[in-house]
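Report on one structure; see the data block that follows.
Here, each number is a calculation from the coordinates, and none is a lab measurement. Computed from a prediction, not measured in an experiment: that's the story for all the values here. Here the Cβ positions follow ideal geometry from the backbone for every residue, glycine too, while neighbour counts run over all protein chains shown.
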Amino acid sequence: MPHRFSNLCLVRHPLIAHKLSFIRERHTTTRDFRRLLSEIAALMTYEVFREFATTPCEVETPLERAAAERITTPITIVPVLRAGLGMTRGVLDLVPEARVGHIGIRRDESTAMPIGYYTKLPSDVSCGPVILVDPMLATGGSSSHALSILRGAGCTDLRLICLVASPEGVGRLLADHPTVRIYTAALDRELDANKYIRPGLGDAGDRTYGTA
Ligand code: PRP
Ligand code: URA
């Protein structure tokens, strides 16, 4: 589907579309929501890594030496708490050697402004690619805040994986962090008066943890 954002990669795949249809459903249980979030995150990771460089190496097969390739840079996954945590398992299923940093941000629901409350990153986080994960890119305030924290820690190779993005959020990140590539499974229509994504999937944190 064509769109106007130079920073956006809309990941189109029948399996992702299939799972997205269930995760959007209001009657999907917490248990299924969590599973789907993790599964879609894994499928998105597969697409993100298409761009990663590999280093040639040699391996010893049971029969002879053979040329091979490996990803050798240290990779860091950074979920935005809480909902981003639900994507971490899926990413780690494909990249089990990755380090995991954490950034805690909650949106003040009356102003939609991000409030940061926790940051823990590997001390050498800037040594390799960093993948920020958060299922929802609504106003973009939370992701922009998290990306500023990562830039403050020296990171330059940054990507964001989300599930559902709004045009407003993508535009906000293009203005605030133009070099950061966003991977999303869906670019939805708009934000509503409460700054929720429409059609969206509701409150991702509450649906992941059953706290609605
Ligand atoms: C949700 C979501 C994003 C943020 C998106 O988190 O997981 O972090 O809102 O909104 P924004 O783009 O307008 O900033 P929330 O603040 O509800 O916290 P939670 O995950 O702890 O529920
Ligand atoms: N946070 C969510 O979880 N969902 C939205 O639609 C907007 C912000």
Compute the FRET efficiency between THR29 and ARG89 as 1/(1 + (r/R0)^6), taking r as their Cβ-Cβ distance and R0 = 25 Å, and round to the nearest 0.05. 0.90
Given 10 °C and 1.306 mPa s, how large is the Stokes-Einstein diffusion coefficient of the stretch 12-128 in µm²/s, with Rh as the Kirkwood radius over Cα pairs? 94
What's the ranking of 93-101, 23-31 by average number of surrounding C-beta atoms within 10 Å, highest first? 93-101, 23-31
GNM top mover of TYR117, TYR183, TYR46 - the chain, alpha-carbon springs below 10 Å: TYR117
Taking r as the C-beta separation of ARG106 and THR73 and R0 as 25 Å, the FRET efficiency to the nearest 0.05 is 0.20
Separation of the VAL59 and ALA212 label points, Cα + 7 Å toward Cβ, nm: 4.4
Would you calculate the volume per residue, in Å³, of the smallest convex hull containing every Cα atom of the stretch 69-125? 86
Net charge over other residues, Cβ less than 14 angstrom from the Cβ of GLY86 (K, R count +1; D, E count -1): +1
Can you bin every Cα-Cα distance in the chain into 10 Å intervals starting at zero and give me the percent of pairs per bin, rounded to whole numbers? 8, 35, 36, 14, 5, 1, 0
Karplus couplings for the stretch 130-144 from phi (6.51 cos²θ - 1.76 cosθ + 1.60, θ = phi - 60°), rounded to Hz, Gly and Pro as x? 10, 10, 7, 10, 7, x, 10, 10, 9, 6, x, x, 5, 5, 5
Among MET87, TYR209, ALA146, the residue whose Cα sits farthest towards the positive end of the charge dipole of the stretch 8-209 (+1 at Cβ of Lys and Arg, -1 at Cβ of Asp and Glu, taken about the Cα centre) is TYR209
Quick check: Cα centre of the stretch 1-68 to Cα centre of the stretch 133-155, how many Å? 20
Can you work out the Karplus-derived ³J(HN,Hα) for every residue in the stretch 152-159? Use 6.51 cos²θ - 1.76 cosθ + 1.60 with θ = phi - 60°, whole Hz, and x for glycine or proline. x, 8, x, 6, 10, 9, 10, 9
